2 protein chains.
Amino acid sequence: MAESIYSKYPPDLSPAQQRFLVTTVKDWAIQNGLAVRPSPAIIPTVADSNGVLATNAPVTLFPSPFPRTCFEEATALQKIYNELYAAITCNEEWLKEIVEGLIEVDDFVSNLWKVHLDVQKEGYVQTLSLGLFRSDYMAHVLPTGVAALKQVEFNTISSSFGGLSALVRQMHTELLASPPVSPINYPPHPLLQSEIPPENTAVETLSAGLAAAHEAYGVSKSTPALPLCVLFVVQETERNVFDQHALSTQLKTVHNIPVFRVASVDVLDHTSIPSSNSSRPLFYHPPHSPDSTFEVTTIYLRAYYSPDEYKSSRDWLTRTHLERSAAIKCPTVLNQLSGCKKVQQVLAEPTGPDHLSSFLKGIDTAIVERVRGTFAPQYDLSVNSKGRDLALNPDTALNHVLKPQREGGGNNVYKSDIPDFLRSMPESDWRGWVLMELINPAPNAQNVALRNDGEVIRGNVISELGVYGTILWENTGKILHNEQGGYLLRTKGKEVNEGGVAAGFSSLDSVLLF
Amino acid sequence: MAESIYSKYPPDLSPAQQRFLVTTVKDWAIQNGLAVRPSPAIIPTVADSNGVLATNAPVTLFPSPFPRTCFEEATALQKIYNELYAAITCNEEWLKEIVEGLIEVDDFVSNLWKVHLDVQKEGYVQTLSLGLFRSDYMAHVLPTGVAALKQVEFNTISSSFGGLSALVRQMHTELLASPPVSPINYPPHPLLQSEIPPENTAVETLSAGLAAAHEAYGVSKSTPALPLCVLFVVQETERNVFDQHALSTQLKTVHNIPVFRVASVDVLDHTSIPSSNSSRPLFYHPPHSPDSTFEVTTIYLRAYYSPDEYKSSRDWLTRTHLERSAAIKCPTVLNQLSGCKKVQQVLAEPTGPDHLSSFLKGIDTAIVERVRGTFAPQYDLSVNSKGRDLALNPDTALNHVLKPQREGGGNNVYKSDIPDFLRSMPESDWRGWVLMELINPAPNAQNVALRNDGEVIRGNVISELGVYGTILWENTGKILHNEQGGYLLRTKGKEVNEGGVAAGFSSLDSVLLF
């Protein structure tokens, strides 16, 4: 079934059909804010010195087939995953052990941990944490041909594309039904005629999470009381702004909550914590309204997720400043650390203690096993470990990928390259790497992508499904809000002579379930 | 009252305030499709060979004050204006006399008339006509200081900006109320705190007009019956596409009507009229779906309004092809001709026969006089006419502007330049010109515009209010649908040392009534 679906999809396009679809998609994207600011590679900065230009986000012309059982399983498990990562974040002792094993190989983790220790020393003043998560998966084709859901990674900070992916779903849905009465936008194909992409409530779900935190913050901690707001902390040179605006618009228009944006480099200039107030409220001083001060209930980080964003000590100062404030952080430093690859590996390590069951105490064991079923086996490379055996044996290496533990820590190493790669470095560095069993996506999936420079590329693709969830919890473990909703399908071009996912194109997509 | 409003408006902006407003407006525009494709002056065509880039439409940062009485009068009279131009279009004899007076000075009018004569000879097969009109006005400041509504022109073809102007209204309204709870986007100003721009239903009104025509067309005139559609005929190099898409999206999603776009140069390739069918249905053959044929109920012209669009005989062939078909034209050639400046001048000529009352027979005379009250006096320059006296007398010339009768026929001549300008050409050419009493807009109105290249300009401005209306009628004069709704405020930079409106910037705006 899966094979035959992929082998005949998408239908061929005549030049006129492709021209029509591309024109329609290009215009639809700009009409509806499915847009990005163009990179300097598309338009040199000098040619757009006022930064007014925009282009379509990279998108597929067709929605991609995706196994219904995998989609439904990912959706069904998201609230459990939310709980899992909330529980991990609450267990500082457990996280400490993980982090201490990484300090020598990962500066970034080490510095984040220092922020936590500094604030812990002074004492945290906010007991609530907010997570806006995205769990990323592939549909792994088993030797039987059946597809199984396998997790690629779990994002606990700056989970992006919720805003734009909801728009891609809307675009594909409209294309499927257009023009009304006699739809002819796509060439005839059984899948295109029988299915529409499932509803995508990413914007509603993620905004409702932020709104729940804003509400839970309670009244102003200042005297006299200040107006309250949510603060988006963003990258100064962000090009994916419309994805973020989709959430802030929803917060403003549906939840009636003031939202401000501040670039991470400007945080110290435009926010303050009054030293006289032991509750440490975070004040936001809008530069465009010098007489106004707002109190920040919730900090939504769309910045500071990557090591290269911390350019100087001022950035670490900023992060600490935000962390010690009374605002609810989305995420806290601890919650960000819970999303590191090492945590995923320890949870997925088949040979170690059953951490998963410990964190999900109280959850039906059948459900815990379904969560475990989404893990691809992952191993560390410690002395005498199973991981080391699998990595060094040329036969078993063939079924694995070696990933750097560090964020932004280099490229993955695939299959037969693994043994020699490891032997080329001192064993003491091996702890910086994680071995993961390969996920095998459908080998003959295809799609057509419209890049944001307007180039059209047809080819073999690999699709990754991300499912969004949001959870608000107390550091005691008590959960105040836990919801799942919305998804992202990211479809990437595949280089056939390489074991893994490689560049070429990466597009926003939606799903047709089969 | 008016003086004091204009003299203190808009409030000053600090650099931080202006930066904030400009960033907010730039992003809002792209997020919501208040966009245009950039001109080659902004981005050379080679730098965007795939035509993916977009930029904000030129907009004002603030809504502009506009006298409430003038706005309400324009709105109240629109349905009468719709009837007036339907009645003029139905009176071929009367139009013929106008046109015959222009044939020697205006090739364009002459060629349009030939299209009508050709189709008349064969016999029209469609008795219905659709108008999507926009009546443009200024608020004329009388010596008493009171503002009076004065018409600048009446558009019977390709009335544009309905889609984008509704978005500008939405943007200004959101800016006024943002952030929710404690709005601080604009500096404090009494007008900004007490008023919001009136609702703008241009998209709903114009689309409902097209939908009414689609409905009135009835069943397919083909055997077997074909699916029906509306056809937008557009310019090949149109940059204002998102304005048009706002209407087609409304037609597709709200009215459930298939809509296609075809460039005027492609009309003969993608449409046909079967010679075997005396009803002359217009077939549309979508190039992207070779097996499909649609029957066009309604042709919406967003092209062929300007002489420079008729580059060869093929364009006139195309226009004739469309005109002779059974599709309802928006507009017909006769309806387009009714919008020529000469018609406006004859209606507004204070010394001639009372054409207005004749066309509005059956309408309350008080209302007819209100329509007449919106005319600025206009004159031809025939021998012994009042117009000739007013134009040649240096004293009276000071209160007038001389306009070319021909579409695209050159620049206006102002005030003291008029007598010498006329004497510099043979009297036989004077019939190509119309003398119009000057409209005096508020002299000290100001605003700040964000151009579509991102430049910000503050200065003195003149605002022109356009009011949209739509009417569907039979050539017997019977009216099937007549509605008013939505408006455009277009605000232009003013060169203070020049009598009239000059370039600099022209921006989409909305109104705050006072």
Worksheet entry | DSSP-defined antiparallel bridges as percent of all bridges, the protein assembly as shown, nearest 5 | 75
Fill in: Antiparallel content of DSSP bridges confined to chain A, in %, to 5
75
Worksheet item: Measuring from centroid to centroid over Cα atoms, what is the spacing of the stretch B:299-342 and the stretch B:261-296 in Å?
Response: 17
Item to complete: For A:K121, go through the lysines and keep the ones whose alpha-carbon is under 20 Å away, minus same-chain ones fewer than eight residues off.
Response: A:K96, A:K329
Worksheet, complete the sentence: Counting all Cα-Cα pairs in the stretch A:163-247, those more than 21 Å apart amount in percent to 55
Worksheet, complete the sentence: Log10 I(q)/I(0) at q = 0.07, 0.13 Å⁻¹ for chain A, from Debye over equal alpha-carbon scatterers, is -0.40, -1.38
Worksheet, complete the sentence: With a 1.4 angstrom probe the carbon and sulfur portion of accessible area for the protein assembly as shown, in percent, totals 51
Fill in: All Cα pairs of the stretch B:414-514, percent lying beyond 17 Å
68
Worksheet item: Applying the Karplus parametrisation 6.51 cos²θ - 1.76 cosθ + 1.60 with θ = phi - 60° to the phi angles of the stretch A:144-160, what ³J(HN,Hα) value in whole Hz is obtained for each residue in order, glycine and proline being reported as x?
Response: 6, x, 6, 9, 10, 6, 10, 6, 8, 7, 10, 9, 10, 9, 6, 4, 9
Worksheet item: R0 = 45 Å: FRET efficiency of A:V219 with A:M425, Cβ-based, nearest 0.05?
Response: 0.20
Fill in: For B:K386, net neighbour charge (Lys/Arg +1, Asp/Glu -1) across residues whose Cβ lies under 13 Å away
-3
Worksheet item: Rounded, prolate or oblate: which fits the stretch A:1-155, taking a ≥ b ≥ c as square roots of the Cα gyration tensor eigenvalues, rounded meaning a/c under 1.5, else prolate when a/b beats b/c?
Response: oblate
Practice prompt. Shortest first and in nm with one decimal, please list how far the B:I103 label point sits from its counterparts in the other copies (point 7 Å along Cα→Cβ).
Written response: 9.8
Worksheet item: How about the stretch B:253-288: which of its residues lose at least 30 Å² of accessible area in the presence of all protein chains relative to their chain isolated, using a 1.4 Å probe?
Response: B:N256, B:P258, B:H288
Worksheet entry | Counted charge near A:R431, where neighbours are those whose Cβ lies closer than 10 Å (Asp, Glu -1; Lys, Arg +1) | -4
Worksheet item: Considering only A:Y124, A:T69, A:Y487, whose Cα is most displaced toward the positive end of the charge dipole of chain A, charges sitting on Cβ of Lys, Arg (+1) and Asp, Glu (-1)?
Response: A:Y487
Discussion item. Straight-line reach from B:K361: which lysines fall under 17 Å, measuring Cα to Cα and dropping same-chain residues less than 8 apart?
Written reply: B:K79, B:K478
Item to complete: Any chance you could check the Cα centroid distance between the stretch A:374-425 and the stretch B:97-167 for me, in angstrom?
Response: 75
Practice prompt. Taking a label point 7 Å out from Cα toward Cβ, give me the nm distances from B:P188 to the same spot in the other copies, shortest first, one decimal.
Written response: 6.9
Discussion item. Using the crude model of +1 on Lys and Arg Cβ and -1 on Asp and Glu Cβ, and no other charge, please compute the dipole size for the protein assembly as shown relative to its Cα centre, in debye to 20.
Written reply: 340
Discussion item. Need one value: the accessible area of A:E97 in square angstrom, 1.4 angstrom probe, rounded to the nearest 10.
Written reply: 140
Worksheet item: Measuring with a 1.4 Å probe in the full set of protein chains, what accessible area per residue, in whole Å², belongs to the protein assembly as shown?
Response: 39
Discussion item. Report the A-B buried area as the accessible area lost on both sides summed, probe 1.4 Å, in Å² to the nearest 100.
Written reply: 3900
Worksheet entry | Largest-first ellipsoid semi-axes for the stretch A:380-437, taking √(5λ) over the Cα gyration tensor eigenvalues, angstrom | 15, 13, 10
Worksheet item: Using the Cβ atoms and a cut-off under 11 Å, what net charge is assigned to the surroundings of A:G469, where Lys and Arg are +1 and Asp and Glu are -1?
Response: 0
Item to complete: Return the distance in nm (one decimal) between the two label points of a simple spin-label model at A:L438 and B:D12, each offset 7 Å from Cα along Cα→Cβ.
Response: 6.9
Fill in: For the stretch A:47-90 versus the stretch A:217-256, the gap between their alpha-carbon centres in whole angstrom
21
Practice prompt. Would you kindly compute the Cα radius of gyration of the stretch A:226-326 and its largest Cα-Cα separation (Dmax), both in Å?
Written response: 13.5, 38
Fill in: Extended-chain gain in nm, criterion 0.36 nm per residue less alpha-carbon gap, B:E104 and B:S182
21.8 nm
Worksheet entry | Number of partner chain Cβ atoms within 10 Å, mean per residue of A:176-183 | 6
Worksheet item: Looking only at other chains, what is the average number of their beta-carbon atoms within 10 angstrom of each beta-carbon in B:22-34?
Response: 6
Worksheet, complete the sentence: When every protein chain stays in place and a 1.4 Å probe is rolled, A:E153, B:E238 sorted by accessible area with the largest first are A:E153, B:E238
Item to complete: Would you mind listing the distances between the A:N440 label point and the same position in each other copy? Use 7 Å along Cα-to-C-beta, nm, one decimal, shortest first.
Response: 8.7
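The values are calculated or read from the model by the stated rules, or taken from the named source; none is laboratory data. Computed from a prediction, not measured in an experiment: that's the story for all the values here. Glycine gets a Cβ as well: all are built from the backbone with ideal geometry, and neighbour counts include every protein chain shown. These area figures cover heavy atoms from the full protein model, side chains too; ligands, DNA and RNA do not enter into them. Shrake-Rupley method; radii C 1.70, N 1.55, O 1.52, S 1.80 Å.
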